[in-house]
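For reference, the structure is listed below as structure tokens.
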Amino acid sequence: MQKALTNKTLEALKPQQKRYEVHDLHCPGMSVRVSAHGQKVFSVKFRYGLGQKRMKLGVFPRITLATAREKAQDILRQVDEGIDPTKRRRSPDMKVEAVCGEFIRLHAKARNKSWREAERILEREFVGTFGQRDIRDIKRFDVLEIMDGAVARGSTYQANRILSNIRKLFNWCVERGIVHATPINGLNVDRRAKRTPLAG
């Protein structure tokens with residue numbers, strides 16, 4: 001069965017007596033399997049060498065349709081480059097530097113024409129400060145420290161841009177399951193950018 005998958009389509013898929021599969025018309029190779037218990041699992045099939053392989057992408061709605069398509073397209077790009085993605089599976093690198101690199105490669109480049117500016121800000125301000133830290137250990141005060149540094153340099157606009165890009169990064173990390181929650185949830189960009197740093 002083939003469908004142009006949408007969130008509404010996925011929610012409407014009901015379990016049947018036997019597992020069945022629906023192929024996504026918008027992302028050739030990707031499909032969702034619906035188990036007899038109603039679990040919906042994204043996967044992507046591809047041909048490498050003489051054989052056909054399948055890789056699991058995640059379970060809906062724990063990962064979104066958009067994220068599943070991003071992951072599928074990344075896997076298919078690797079195959080096009082002559083790489084077997086099943087051989088590259090390893091423990092994910094959770095360091096800030098590695099995660100930021102993946103964010104730019106998989107998300108920003110595909111969605112943002114000004115991705116180079118986002119990359120520059122994250123590299124200089126976030127990676128430059130916390131590059132070898134585990135991103136799961138980054139706290140709210142760590143981000144505020146970076147912003148206070150920009151304000152102290154007289155650049156409230158830059159503080160605003162820093163927070164905006166770090167916010168997008170952490171929202172992506174939540175969607176990917178890298179972190180459970182963003183440490184800067186509810187932080188107001190404009191109000192925070194006008195904050196006067198404490199005198200020391």
| Under 7 Å by Cβ, and 6 or more places apart or on different chains, what pairs join a residue from segment 19-31 that is among the acidic types (Asp, Glu) with one that is at pLDDT 95 or above and surrounded by 19 or more Cβ atoms within 10 Å (Cβ to Cβ)? | Glu21/Ser31; Asp24/Met30; Asp24/Ser31
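Select the strands (runs of 3 or more DSSP E) contained entirely in segment 11-77, then report the ones holding at least 3 residues which are touching a Phe, Trp or Tyr at 6+ places or on another chain (Cβ under 7 Å) and surrounded by 13 or more Cβ atoms within 10 Å (Cβ to Cβ).
Details: elements: 20-24, 30-34, 40-48, 51-60.
Answer list for segment 11-77: 30-34, 51-60.
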| query | Could you say whether any residue in segment 78-95 is in contact (Cβ under 8 Å) with a residue 60 or more places away in the chain and within 27 Å of Ala12 (Cα to Cα)? | reply | no
| Got at least one residue in segment 82-97 being open to solvent by less than 60 Å² (accessible area, probe 1.4 Å), closer than 30 Å to Glu125 by Cβ and at pLDDT 90 or above? | yes
| request: Please work out which residue is farthest from the chain's Cα centre (by Cα), limiting yourself to segment 1-10 and to residues that are loosely packed, with under 13 Cβ neighbours inside 10 Å and in a loop (DSSP other than H, G, I, E, B). | output: Met1
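Every residue, every condition in (1) modelled with pLDDT of 85 or more; (2) closer than 17 Å to Arg124 by Cβ; (3) not hydrophobic (A, V, I, L, M, F, W, C), yes or no:
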{"residue": "Val143", "(1), (2), (3)": "yes, yes, no"}
{"residue": "Asp148", "(1), (2), (3)": "yes, yes, yes"}
{"residue": "Leu163", "(1), (2), (3)": "yes, yes, no"}
{"residue": "Leu169", "(1), (2), (3)": "yes, yes, no"}
{"residue": "Leu187", "(1), (2), (3)": "no, no, no"}
{"residue": "Leu198", "(1), (2), (3)": "no, no, no"}
| message | Which residue is least open to solvent (accessible area, probe 1.4 Å), if the candidates are limited to segment 98-114 and must be closer than 26 Å to Val32 by Cβ and modelled with pLDDT under 85? | response | Ala110
| query | Can you name the residue in segment 165-189 that is open to solvent by 30 Å² or more (accessible area, probe 1.4 Å) and outside any loop (DSSP other than H, G, I, E, B) and is also farthest from Ala68 (Cα to Cα) among such residues? | reply | Val189
| said: Looking at segment 151-178, I want the residues that are free of Cβ contacts under 8 Å to residues at least 40 places away in the same chain and have a partner that is surrounded by 14 or more Cβ atoms within 10 Å (Cβ to Cβ) and polar (S, T, N, Q) with Cβ atoms under 7 Å, at least 6 apart or on another chain. Which pairs are those? | reply: Phe170/Thr182; Asn171/Thr182; Val174/Thr182
| said: Being loosely packed, with under 13 Cβ neighbours inside 10 Å and hydrophobic (A, V, I, L, M, F, W, C) narrows it down to one residue among Phe141, Phe130; which is it? | reply: Phe141
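The values are calculated or read from the model by the stated rules, or taken from the named source; none is laboratory data. Just so it is clear, the structure is predicted and the values come from calculations on it, not from any experiment. A quick note on method: Cβ atoms are made from the backbone with ideal geometry, for glycine too, and the neighbour counts reach across all protein chains shown. Keep in mind that these areas ignore ligands, DNA and RNA; they rest on the heavy atoms of the full protein, side chains included. Shrake-Rupley method; radii C 1.70, N 1.55, O 1.52, S 1.80 Å.
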